[in-house]
Amino acid sequence: MTPPTALVIVPTYNERDNLPVLTVALMRHPNVTLLVVDDDSPDGTGGVADALAVEFPGRIEVMHRTTNRGLGRSYVDGIRSVLDRPVDLICQMDADLSHDPRQLPDLIAATARADVVIGSRYVPGGAVVNWPRRRRLLSRFANAYIRTVTRLNARDCTSGYRCWRREALASVPLERFESDGYAFLVEMLFAAAAVPLRIAEVPITFVERRQGESKLTRAVLFESALMPWRLALSRKTAPPPSR
Ligand SMILES: Nc1nc2c(ncn2[C@@H]2O[C@H](COP(=O)(O)OP(=O)(O)OP(=O)(O)O)[C@@H](O)[C@H]2O)c(=O)[nH]1
Ligand SMILES: [Mg+2]
């Protein structure tokens, strides 16, 4: 059987130093291509991405966004632009080296039995490195809260390391998404469960960023606190998703 082909979407905002390291590691996987979705990063990440596209011809694309900055919007635009590509899988990954490209084959392999695979910190074998206790507790609490309110089964609903079968991702109604930040990742998983898609998790070791700045703002946290309730309530009122 031929190995599946995967297109990895990486949203970037001020990741000039991290993106080249990530890219070189990803390009070691022969069946992987990359789409960088840059939000006009002030540090020039967009230009760095363009140079990488020249260095790896035919394997890297760059989408330059200039309006409506946001992680969720970047993913929606990026996913829309590649849904009809001749690839088996579409993956999501952070640029800050928190998600180890060497673990991508584990996620890819698990799509043999699932429609979406989450790289999970909170299944046996998963780990978080270099997070202060406060951040660790926040993430644990957030996941317990999300699971309780939304009744999602996944242990790590906020992980941004994911791999989707392309046709499965195409069945998720992206146009309905409203949120950004972590809440976007939860919204997407909720929509996947509603289709319903088969969701699996494989353990990853998440490493906190060493370079660049965090974008975890109060607004992102506030949105994340409300989103699970919005989703839980929408279950009662929303029509079933079209397939
Ligand atoms: N295109 C785009 N990418 C973004 C935006 N905000 C964050 N990102 C990217 O999304 C990924 C995750 O963002 P992070 O800042 O690492 O968020 P985080 O992991 O919650 O926080 P830290 O790792 O603690 O900084 C990274 O690749 C960021 O560069 C945005 O507004 N637009
Ligand atoms: Mg990060």
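None of the figures in this text is laboratory data; all of them are computed from the coordinates on show. Predicted model, so just to flag it, every value in this text is computed and none were measured. Here the Cβ is made from the backbone with ideal geometry for all residues, glycine too, and neighbour counts use every protein chain on show.
Restricting to segment 24-47, name every residue that is away from ligand 1 (no atom under 12 Å from the Cβ) and either over 19 Å from Ala6 (Cα atoms) or not in a loop (DSSP other than H, G, I, E, B) (or both).
First, the residues of segment 24-47 that are away from ligand 1 (no atom under 12 Å from the Cβ): 24-34, 44, 47.
Hits for segment 24-47 are Val24, Ala25, Leu26, Met27, Val32, Thr33, Leu34, Gly44, Gly47.
Output the residues belonging to segment 122-158 that are assigned to a loop (DSSP other than H, G, I, E, B) and touching a Pro at 6+ places or on another chain (Cβ under 8 Å).
Filtering segment 122-158 down to residues assigned to a loop (DSSP other than H, G, I, E, B) leaves 122-126, 130-132, 151-158.
Those that are assigned to a loop (DSSP other than H, G, I, E, B) and touching a Pro at 6+ places or on another chain (Cβ under 8 Å): Val123, Pro124, Gly125, Gly126.
In segment 159-172, what residues are under 20 Å from Val220 (Cβ atoms) and not in a loop (DSSP other than H, G, I, E, B)? Please lay out each step first, then the result.
Filtering segment 159-172 down to residues under 20 Å from Val220 (Cβ atoms) leaves 159-162.
Of everything in segment 159-172, just one residue is under 20 Å from Val220 (Cβ atoms) and not in a loop (DSSP other than H, G, I, E, B), namely Arg162.
Residue-by-condition table, conditions (1) crowded, with 16+ Cβ neighbours inside 10 Å; (2) closer than 17 Å to Lys215 by Cβ; (3) of a type outside the set (Lys, Arg):
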position	(1), (2), (3)
Pro4	yes, no, yes
Pro11	yes, yes, yes
Asn31	no, no, yes
Val37	yes, yes, yes
Asp40	no, yes, yes
Ala49	yes, no, yes
Gly58	no, no, yes
Arg65	yes, yes, no
Leu71	yes, yes, yes
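Out of (1) away from ligand 2 (no atom under 16 Å from the Cβ); (2) more than 16 Å from Tyr75 (Cβ to Cβ), what's the single condition that is false for Arg121?
(1)
Please count how many residues of segment 50-94 are under 24 Å from Phe184 (Cα atoms), of a type in the set (A, V, I, L, M) and not in a loop (DSSP other than H, G, I, E, B).
8
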